[in-house]
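The values are calculated or read from the model by the stated rules, or taken from the named source; none is laboratory data. Remember, it's a predicted structure, so these values are computed and weren't measured experimentally. Because the Cβ atoms are built from the backbone with ideal geometry, glycine has one as well, and the counts that use them run over all protein chains shown. Please note that ligands, DNA and RNA were not included when accessible areas were found on the heavy atoms of the full protein model with its side chains. Shrake-Rupley method; radii C 1.70, N 1.55, O 1.52, S 1.80 Å.
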Amino acid sequence: MFLVLLILHICSSGSAIFTINPTNVTTCLGSPAVFTCVITEPLPIGWLINGTQIQSPPLITPGPGSQSTLSVTATSELNGAPVQCYYIPSVLLPSIVSPPAYLSVQAPPSAPTNLTTTALNATSVLLAWESLSGAQSPSLFYRVLVTSGNGTPVHNRTVKELQLILTTPDPCDQYWAHVTAVYVNLHSIVCTGNSIIKTIDGGPPATVSITNTRNVFSNSSRDNVTVELILQDLLYDI
């Protein structure tokens, strides 16, 4: 009787399969990296990094299936490390190990440099900046945030190029441009660096001609004199 029960336990436990395997994670240095594993049977799940057990299976696992989440801090030593979950179907059977997922650890990108703002007209401005040499990674993008003088976001875009034309709704308001280098993976920002910030003031210098006729007395004759008044906006940079 005992032998029959033991054989049934082995067959039942051995039928467990992984329904969710750990997937690759790309994250920033010092940030948490989270992996998830799910199997169909209520069996304890453990974790391996570089083939070394770093989290042993718990003693009690709720049914009907099992789910386990592993969270580790991304360090440079773990960059490229394979991460696997495993379960033990029976004391008489070896561990069943999932396919490996890999951890990619990236240092935060450096802030862009030489941010310039060029007014194209009263409500449009060209933002341009430079990237540090050697920082042209395929996953390197730039998040451009423009806020009004009271801090209200006006634009929030992520671009690959080193320039962007934006509109400023109120030419009399002051705006702030924040450009941040970020790493993007699968359309999500996974690592954020420092920002460079610059003010945007008004539009380009405006020239207005005003013709004013006034009386000028020269000897006893009266002449009409045209006076041209030039108005120019002041642009302040930081």
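Figure legend. Inter-residue proximity from segment 69-98: first residues closer than 17 Å to V38 by Cβ, second residues of a type in the set (A, V, I, L, M) and in a loop (DSSP other than H, G, I, E, B), beta-carbon distance below 8 Å, spacing 6+ or different chains. Indicated pairs: Y87/A16; Y87/L43; I88/L43; P89/A16; P89/L43; S95/I88; I96/A16; I96/I88.
The set of residues in segment 111-145 that are among the hydroxyl-bearing types (S, T, Y) and within 22 Å of the chain's Cα centre (by Cα) comprises T113, S131, S133, S137, S139, Y142.
T116 passes every criterion in (1) farther than 27 Å from S31 by Cα; (2) touching a Gly at 6+ places or on another chain (Cβ under 9 Å) apart from (2). Could you please tell me which pairs satisfy a Cβ distance under 6 Å, a separation of 6+ or placement on different chains, a first residue in segment 31-58 that is closer than 13 Å to F18 by Cβ and outside any strand (DSSP E or B), and a second residue that is open to solvent by less than 40 Å² (accessible area, probe 1.4 Å) and among the hydrophobic types (A, V, I, L, M, F, W, C)? From residues that are closer than 13 Å to F18 by Cβ and outside any strand (DSSP E or B), the pairs are T40/A16; E41/A16; L43/A16.
Taking the criterion of being of a type outside the set (S, T, N, Q) and either exposed (fewer than 13 other Cβ atoms within 10 Å of the Cβ) or modelled with pLDDT of 95 or more (or both), the residues of segment 79-90 that qualify are G80, A81, P82, V83. Only a single item in (1) under 30 Å from A128 (Cα atoms); (2) at pLDDT below 90 is not met by V105, and it is number (2). None of T117, T69 is touching an Asp or Glu at 6+ places or on another chain (Cβ under 9 Å), modelled with pLDDT of 85 or more and not aromatic (F, W, Y) except T117. When we screen F141, F217 for residues that are among the aromatic types (F, W, Y), out of contact with any Leu (no Cβ under 9 Å at 6 or more places or on another chain), modelled with pLDDT of 85 or more and in a strand (DSSP E or B), the only hit is F141.
Which condition does S148 not pass, out of (1) open to solvent by 40 Å² or more (accessible area, probe 1.4 Å); (2) modelled with pLDDT under 90; (3) of a type outside the set (A, V, I, L, M); (4) over 21 Å from the mean Cα position of the chain (by Cα), if it passes all the others? Evaluating S148 over (1) open to solvent by 40 Å² or more (accessible area, probe 1.4 Å); (2) modelled with pLDDT under 90; (3) of a type outside the set (A, V, I, L, M); (4) over 21 Å from the mean Cα position of the chain (by Cα) leaves (1) as the failure. Can R143 be described as out of contact with any Asp or Glu (no Cβ under 6 Å at 6 or more places or on another chain) and farther than 30 Å from S71 by Cβ? Judged against the criteria, R143 is not a match. Taken over segment 174-202, the criterion of being among the β-branched types (V, I, T), open to solvent by 70 Å² or more (accessible area, probe 1.4 Å) and more than 11 Å from the chain's Cα centre (by Cα) is satisfied by I197 alone.
Of everything in segment 151-173, what is open to solvent by 70 Å² or more (accessible area, probe 1.4 Å), in a strand (DSSP E or B), within 19 Å of T116 (Cβ to Cβ) and of a type outside the set (K, R)? Give them in sequence order. Listed by number, the residues that qualify are Q163, I165, T167. Criterion applied to L120, L127, L140 was being in contact (Cβ under 8 Å) with a residue 24 or more places away in the chain and open to solvent by 50 Å² or more (accessible area, probe 1.4 Å), and the one residue passing it is L120.
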